[in-house]
Each structure stands twice: as C-alpha cells, then as structure tokens.
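Colleague: Pasting a structure here, questions to come.
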Amino acid sequence: MKRTRLSAEQKEALLFRVLELYVNKRLAAPEITKKIAGELGLELQRTNLYPLLREGVRRGFLRFTPPTSDSLRERVAEKLELNPARIHVVNARQDKDDEHVAATGAEVVLSLIKKFSLCKPREPIHLGLGPGRATRALARNLGLAMRAELHAPKLALHAITAGCPSRSPMYAPLAFFSFFEPDIVAEADALFTEPVVSCAEYETIKQRPGFAKAFAKRDKIDIVVTSLGDADDRHDLFRNLHEGYEDTDPPTGKRKADSAALQDLKRQGWRGNVQFRPYSKEGIIHEAPHSFRAPTLFELEDLRNMASAAIDQKHPRAVVLTVQPCGRCSKLRTGALLPLLRVPELRVWSELVVDAATARDLLRQTAV
Ligand SMILES: [Zn+2]
C-alpha cells in the first residue's frame, strides 16, 4: 500500500469496504485494488489485501454466526428429559480460541434482551456478567452484535463476582464492560471485594460498601451470563483462585498440592462450579466455616430461582449457561455439566448453549 496516513475512521472505512468487496460482492483481488484506487485514491498491492481482511474480521466488521444442530438438541433433550427449546447446540468444531459457542450465546442473549425489553420499553436491561474465558468471549461477541442493532435497548451492566486469579485480570467480569459501546451502557456496577475471603467473615464482608451497594441492586438483574468450571481441569479458574490466585502452571510442571480449601471441597465430592459456587453430582456444596470462598451476588439457590422465572410473564428472568471445551487443554466439561442437567437442585440455568462435541459426549455418557 502506498504510504498514506489514514485517520482511524478512514482506516475503518477502508477495512469495511475491502471486506464488503471480497465477501459480499465476490470480487477478485485485482478488481478490489482497482475499485479502492478509484473510490479512495489508495494504491493497494494484492498482498496488502489479506492482512486488511484479517484486521476487518478481528475488528468485528464481519461476524461469524455458526449453525446450530436441531438433531443433537432433540436427542440431548430427550435423553435428559429437558425442554429442547432451551437448548442450543453449536454445530461447529470448537478449537482453542474459537468463539463459536460465544457467538451463538451472544445471539441467545441478544434475543432475550429484545424480548425482555418489550416488558419495560423505556428501562435498561440489567445484565449480570460472571468471570472466565467463556463469558469474556460471549461479552465481546455481544458487544459487537449490539453495535449492529439500530434500536438496541440500553444495558445496565453488573459484575456478579468480585474477581478472578490476580494474574489473569482479563477474566474478571469488570474487564468485560469495555466490550460495550459507551452509548448503550446506561449504568454499570462493579463488585469490589477480595476475590477469596474467609467463610467465617463472609457475613461481615457483605455489609461493606463495595459489596452491599452491588448486592442492593441484585434483584434488578434480568439476565445472568455464566459458564461453568470443571473440578477435573487444572486450568479451572476456581481451582486457580484457591491455589493462590494464579492462573499458571507451577514452574516444575508438576501439580501443586491441593490447598486445604480444595481438599475440603474434594471430601464433599466437588465436580464443578458455577459463578465460583461449588457443587457435587448430588447437589450444592456449602463450604465449611473454617474454609474460604469467593464473594458472589448469587448463590446457586438464587440462580436456580432466577432460572425458574424464565416463564414469568411480568418479570421474566434468565440464566444463560455456556459450556465449551477448556480454552487451554480442550478437555470436555461433560462431567461437570451432567449434574446441572440431572439434579433439580442444580437447575441453575434457563438457556443452555453447548458445542457439538460436548453434546455428543453427553449422549455417550448417558447411553445406558
Ligand atoms: Zn484445561
């Protein structure tokens, strides 16, 4: 490309036009360079086009919305006696760093935002965001999807957990607020406490301003977006949090010894967590008074009650649960998901979004 200094807006217009000509108008590289020269006076080389296309996709000017599988959805619903209308199986291979489940999850959340907005047209929709890689990807996709909506309702954003391992601040819910354009954010509330606290002190901590102010608005939240953590995956953020706030492998490559808090959870049959709240294959786990826990706006009982309000006509609420393989080792999380589908006490979700490999593994593990 001939060296011409473009403003940020001119660069964006160029990226979009190149994508449009390549994808929508299906022009070949020589035709695109000719058109850009005529329209914008820029002399592009053919080799410049591909980096521009990649940059345009990265900036969200072209969104990938994967297909969903009706047959897998029906089979999972039948096998586990679930409502198929509440299940979304993403019919695409989900490799590391792929955001297919997140893109579908964002579409599900966007349709709920529009639906709930009909009940309160002039008020913002309150969105509660949890921690983690999957919710980060969903928030990013939702922010992009809402940019394209001309009459999208305004959002009130809430961080519903305090934090995450301190060396992975990008996975704290507060960090996801910046994915939403300022003009659609009516208000935003963080939850400021330490990410892990003593259970014995928890009731006192809840009275502190950083917690109490966020908690006072809890019942306004219309939609919670969450994922789950797998007790058998060493990359689980909840495990990392209890291992000393670090999201890193130990330098020796060996696993660290479990902390007293993790040993306590294991004794109780810990299988997974939602919003850093642990559960076994039988039901909710309550930490011992001498142990530690993450401060959160919602206990699992609260999420279950919220999920059951999905059909409430006056104040419908929703909990959107996305499940995908681990973003670091690709381990499926079926073992952690199954209790949330089988145990009534753990029905903490009203919409489930899963990748196809997890759906097939669910069918395999329940095929008896
Ligand atoms: Zn992993």
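Colleague: Leu142 fails exactly one of the following numbered conditions: (1) over 15 Å from Arg59 (Cα atoms); (2) surrounded by 15 or more Cβ atoms within 10 Å (Cβ to Cβ). What is the number of that condition?
Modeller: Tallying (1) over 15 Å from Arg59 (Cα atoms); (2) surrounded by 15 or more Cβ atoms within 10 Å (Cβ to Cβ), Leu142 fails exactly one: (1).
Conditions (1) assigned to a helix (DSSP H, G or I); (2) away from the ligand (no atom under 16 Å from the Cβ); (3) free of Cβ contacts under 8 Å to residues at least 24 places away in the same chain, marked per residue:
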| position | (1), (2), (3) |
| --- | --- |
| Ser178 | yes, yes, yes |
| Asp183 | yes, yes, yes |
| Thr193 | no, yes, no |
| Ala200 | yes, yes, no |
| Glu203 | yes, yes, yes |
| Gly210 | yes, yes, yes |
| Ala214 | yes, yes, no |
| Val224 | no, yes, no |
| Asp233 | no, no, no |
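Colleague: Taking the range 72-105 only, how many residues are in contact with a helix residue (DSSP H, G or I) (Cβ under 8 Å, 6 or more places away or on another chain), under 19 Å from Leu228 (Cα atoms) and surrounded by 20 or more Cβ atoms within 10 Å (Cβ to Cβ)?
Modeller: 11
Colleague: Restrict the check to the range 125-133 and report whether at least one residue is part of a helix (DSSP H, G or I) and under 15 Å from the mean Cα position of the chain (by Cα).
Modeller: Looking through the range 125-133, at least one residue is part of a helix (DSSP H, G or I) and under 15 Å from the mean Cα position of the chain (by Cα).
Colleague: What pairs come out if I take residues in the range 315-333 that are hydroxyl-bearing (Ser, Thr, Tyr) and pair them with residues that are more than 9 Å from the ligand (Cβ to nearest atom) and part of a loop (DSSP other than H, G, I, E, B) whose C-beta lies under 9 Å away, six or more apart or interchain?
Modeller: Thr322/Ser227; Thr322/Leu228; Ser330/Gln94; Ser330/Asp95; Ser330/Lys96
Residues are listed down the side, and each one gets a yes or a no for (1) at pLDDT below 90; (2) surrounded by fewer than 21 Cβ atoms within 10 Å (Cβ to Cβ); (3) within 23 Å of Thr68 (Cβ to Cβ):
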residue: Glu301; (1), (2), (3): no, yes, no
residue: Ile311; (1), (2), (3): yes, yes, yes
residue: Gln324; (1), (2), (3): no, no, yes
residue: Pro344; (1), (2), (3): no, yes, no
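Colleague: Continuing with the same structure: Of all residues in the range 202-229, how many are over 15 Å from Pro316 (Cα atoms), at pLDDT 95 or above and of a type in the set (Asp, Glu)?
Modeller: Number of matching residues: 0.
Colleague: Shifting gears a bit: Would a scan of the range 178-200 turn up a residue that is under 28 Å from Asp355 (Cα atoms) and of a type in the set (Phe, Trp, Tyr)?
Modeller: There is at least one residue in the range 178-200 that is under 28 Å from Asp355 (Cα atoms) and of a type in the set (Phe, Trp, Tyr).
Colleague: Please determine, by comparing only the residues of the range 334-356 that are farther than 22 Å from Asn91 by Cβ and either of a type in the set (Lys, Arg) or free of Cβ contacts under 8 Å to residues at least 40 places away in the same chain (or both), which one is nearest to the ligand (Cβ to nearest atom).
Modeller: Applying the filter and picking the extreme gives Arg342.
Colleague: OK, next. Where in the range 292-368 are there helices (runs of 4 or more DSSP H), lying fully within it, with 2 or more residues that are over 19 Å from the mean Cα position of the chain (by Cα) and within 27 Å of Val197 (Cβ to Cβ)?
Modeller: Hits in the range 292-368: 300-307.
Colleague: Do we find that Val197 is modelled with pLDDT of 95 or more and among the hydrophobic types (A, V, I, L, M, F, W, C) in this structure? Walk me through how you get there before you give the answer.
Modeller: Details: modelled with pLDDT of 95 or more: no; among the hydrophobic types (A, V, I, L, M, F, W, C): yes.
When the stated conditions are applied, Val197 does not pass them.
The values are calculated or read from the model by the stated rules, or taken from the named source; none is laboratory data. Just so it is clear, the model here is predicted, and its values are computed rather than measured. No Cβ is skipped: glycine too gets one built from the backbone with ideal geometry, and neighbour counts run over all protein chains shown.
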